[in-house]
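Reviewing the structure listed below.
Each reported figure results from applying straightforward, stated rules to the coordinates on display, with no laboratory input. What you are looking at is a predicted structure, and each value in this text was computed from that prediction instead of being measured. Neighbour counts are summed over all protein chains in view; Cβ atoms, including those assigned to glycine, are modelled from backbone coordinates with ideal geometry.
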Amino acid sequence: MEEIEFHHTLPIQLRFNDIDKFGHVNNAVYFTFYDLGKTEYFASVCPHVDWGKDGIVVVNIEANFLSQILPSDNIAVETAVYEIGHKSFHLFQRVIQTETKEVKCICKSVMVTFDLEKNQSKELDEDWKEAICRFEGKDLRKYATHY
């Protein structure tokens with residue numbers, strides 16, 4: 001995978017209940033940060049999607065925890081799409097400490113577009129593909145994925 005450029009950053013406010021008894025952010029909480037990043041990414045990149053009809057679902061997710069997040073840390077989640085298939089796209093996200101840019105955790109996800117009315121996966125709309133490619137600044141359509 002080539003070097004990823006992040007064009008979308010979302011500052012995250014830590015909450016009291018994000019911290020576990022070890023005094024750092026619990027590993028399970030990172031996934032809520034990634035969900036917030038995905039939500040904001042698609043709200044800004046594909047603002048005309050009818051989320052009552054169309055959805056995106058996670059079919060694979062992998063996270064690598066590199067450094068703990070402490071309650072005093074100011075953090076953000078960065079999100080980028082790095083590959084687009086017929087029905088799926090691949091996301092790369094990371095949580096960073098905003099002052100030092102230290103990467104705290106990285107996450108790769110495979111997302112599939114979903115027809116909520118038919119309750120099945122569906123082709124990724126060309127409008128979505130074009131909007132994502134335009135936002136990321138390059139053509140990401142690979143069509144090598146099996147999803």
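Our summary of shape: the Cα atoms of region 8-136 have principal axis extents of 44, 28, 22 Å, ordered from largest down, in whole angstrom. Helix 27-45 sits at what angle to the longest principal axis of the chain, using alpha carbons and giving 0 to 90 degrees rounded to 10? On a 0 to 90 degree scale, this one is about 40. For Asp139, project a label point 7 Å along Cα to C-beta. Then give me every residue of region 71-113 with its amide nitrogen under 19 Å of that point. Answer for region 71-113: 81-90.
Remind me, relative contact order of the chain in percent, using alpha carbon pairs under 8 angstrom and six or more residues apart? After rounding, I find 27 percent. Computed over the chain with a Gaussian network model linking Cα atoms closer than 10 Å, the most mobile of Val57, Val95, Val110 is Val57.
For the chain, the longest principal axis of the alpha carbon atoms and the long axis of helix 126-136 meet at an angle near 40°.
Once the C-beta distance of Asn64 and Glu126 is scaled by a Förster radius of 30 Å, the resulting FRET efficiency is 0.35 to the nearest 0.05. For region 56-121, the fraction of C-alpha pairs farther apart than 18 angstrom is 47 percent.
Separation of the alpha carbons by more than 25 angstrom is noted, of Lys21/Lys108; Lys38/Lys118; Lys108/Lys142; Lys38/Lys138, for Lys21/Lys108. For the options Val112, Val29, Val45, a Gaussian network treatment of the chain with springs between C-alpha atoms closer than 10 Å singles out Val29 as fluctuating the most.
The modelled label-to-label distance for the pair Glu40/Phe22, using points 7 Å beyond Cα in the direction of Cβ, is 2.6 nm. When the chain is treated as a GNM with alpha-carbon contacts under 10 Å, the residue of Glu78, Glu99, Glu123 showing the greatest mean-square fluctuation is Glu99. Taking 0.36 nm per residue of sequence separation and removing the Cα-Cα distance, the Asp115/Ser72 pair yields an extension gain of 11.4 nm.
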